[in-house]
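The values are calculated or read from the model by the stated rules, or taken from the named source; none is laboratory data. Because the structure is predicted, anything quoted here is derived from the model rather than measured. Every residue, glycine as well, gets a Cβ built from its backbone with ideal geometry; the counts of neighbours run over all protein chains shown. Side chains included, ligands, DNA and RNA excluded: accessible areas come from the protein's heavy atoms. Shrake-Rupley method; radii C 1.70, N 1.55, O 1.52, S 1.80 Å.
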Amino acid sequence: RVQIGIVTFLTDYGVEPVDLARAVEERGFESLFLTEHTHIPTSRESPWPGGGDLPERYSHTYDPFVAIGAMATVTERIVLGTAVSLINQHHPLNLAKQVASVDRIAKGRFEFGVGPGWNREEMANHGVDPRSRTARMLEMLEALKAVWTMDEAEYHGKFVDFDPIWSWPKPTRVPPILIGGGGPSVLDRVLDHGDGWIPLRVPVDGLVEFGERVKELQRRAADAGRGHIPVTMYGGAKRADALRGYADNGVDRVLFELADHSGPGARDAALAELDELAALDG
């Protein structure tokens, strides 16, 4: 049976983080994931993958690690995570400590969804060359794991480089790394650097073809001596029959995207939408 979670652009004009976390757990959802954008440049040539004008929510998001830290203190059961963190837009040593701290506050309930991003102007403001963003992301992951697992960690790569350091706290365990994306080489990255895969908004009429990719992923994982690799679908279709289709095609978790309700009634609107989404699972 597919697990049901929530993903949202948590904004300063919408439902409060703590209220949302409590509501998600009370309604029996398995998880709550947050998106990330550090900022949005006012001048942008990069086309939004969703088409058309960029929605307001992109420039109003909370820092996901701060918000998840608060959410962890008022929940006990749900998985909390990022879908996805744009890790190239962080310094690796700061990010290693942020993730470790959040994971400990959440008592091991944190999952770390990551991606290289799409907004070239946003990357440029962080000194990231879009042409090498994927290679940089993979080095970041290697460096983070070194900090989390070694008492005296060091890493020497093309994009990330530091001599031996001390850095605590360590996470309760290396948080599961969920690799976002749907391009032709994404399965390579999942197998080499990840513990799970986050594909984005696969339409219901494309699920059979998508299911073949999932079979390929699991077959390659088995050939490499690995166990089952969880698949988390970002932005699942909000239909009961779609849930059956996801399960039939190898999806382990579906994240329903909660709208960024605004105005005085934002909290009530968000809770009402959560009620509707919870009902889809029977």
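Taking only C-alpha pairs under 8 Å that are 6+ residues apart, what is the relative contact order of the chain in percent?
22
Hey, what number do you get for the chain at 222 nm if only DSSP H runs of n ≥ 4 count, each worth -39500 (n - 2.57), divided across all residues, to the nearest 500? Walk me through the numbers before you get to the answer.
Working: 9 runs with 105 residues, N = 282.
Taken over the chain, the calculation gives -11500 deg cm²/dmol.
Select one label from [x] 6, 28, 37, 24, 5, 0; [y] 6, 24, 27, 20, 13, 7, 2, 0; [z] 6, 22, 20, 17, 15, 12, 6, 1: the one whose number is P(r) over Cα pairs in 10 Å bins from 0, in percent as derived from the coordinates shown.
This structure yields the entry labelled [x].
Shape of segment 104-203 from its Cα gyration tensor (a ≥ b ≥ c, root eigenvalues): rounded if a/c is under 1.5, otherwise prolate when a/b > b/c, or oblate?
Details: a/c = 1.93, a/b = 1.25, b/c = 1.55.
Judged from the Cα gyration tensor, segment 104-203 comes out oblate (a/c at least 1.5, b/c at or above a/b).
Taking K238 as the anchor, which lysines have their alpha carbon closer than 29 Å to its alpha carbon, excluding any fewer than eight residues away along the same chain?
By straight Cα distance, K238 reaches K215.
Can you send over the solvent-accessible area of W118, 1.4 Å probe, protein chains only, in Å² to the nearest 10?
Number for this one is 60 Å².
Starting from the Cα gyration tensor of segment 130-282, take the square roots of the eigenvalues, sort them a ≥ b ≥ c, and report rounded, prolate or oblate (rounded when a/c is under 1.5, otherwise prolate if a/b is larger than b/c, else oblate). Write down the numbers at each step before the final one.
Working: a/c = 2.29, a/b = 1.46, b/c = 1.57.
Here segment 130-282 falls in the oblate category.
Of all GluC sites (Glu not before Pro) in segment 53-155, which ones are in loop regions per DSSP and have a Cβ with at most 15 other Cβ atoms within 10 Å?
In loop regions of segment 53-155 (DSSP not H, G, I, E or B), the sparsely surrounded GluC sites (Glu not before Pro) are E76, E152.
Calculate what fraction, in whole %, of the accessible area of the chain sits on carbon and sulfur atoms when a 1.4 Å probe is rolled over the protein chains.
Answer for the chain: carbon and sulfur cover 50 percent of the accessible area.
Counting heavy atoms of the protein chains only and a 1.4 Å probe, report the per residue accessible area for the chain as a whole number of Å².
Numbers: 12810 Å² over 282 residues.
Accessible area per residue: 45 Å².
In the chain, once you exclude exposed trypsin sites (Lys or Arg not before Pro) (DSSP loop, at most 15 other Cβ within 10 angstrom), what's the longest stretch remaining?
On the way: sites that count: R1, R44, R77, K107, K158, R173, R201, R226, K238, R239.
By the stated rule (loop sites, at most 15 other Cβ atoms within 10 Å), 108-157.
Under the rule a/c < 1.5 gives rounded, and otherwise a/b versus b/c splits prolate from oblate, where does segment 27-181 land using the Cα gyration tensor?
Values: a/c = 2.20, a/b = 1.13, b/c = 1.95.
Verdict is oblate for segment 27-181.
Less than 27 Å apart at the alpha-carbon level, and either on another chain or at least 8 residues along: which lysines does that give for K170?
Answer for K170, where 27 Å is the Cα cut-off: K97, K107, K145, K158, listed by chain and number.
Below 8 Å, C-alpha to C-alpha, sequence gap of six or more: please give me the relative contact order for segment 26-133 in percent. Walk me through the numbers on the way to the answer.
Details: 133 pairs, mean separation 37.0, N = 108.
With pairs under 8 Å counted, the relative contact order is 34 percent.
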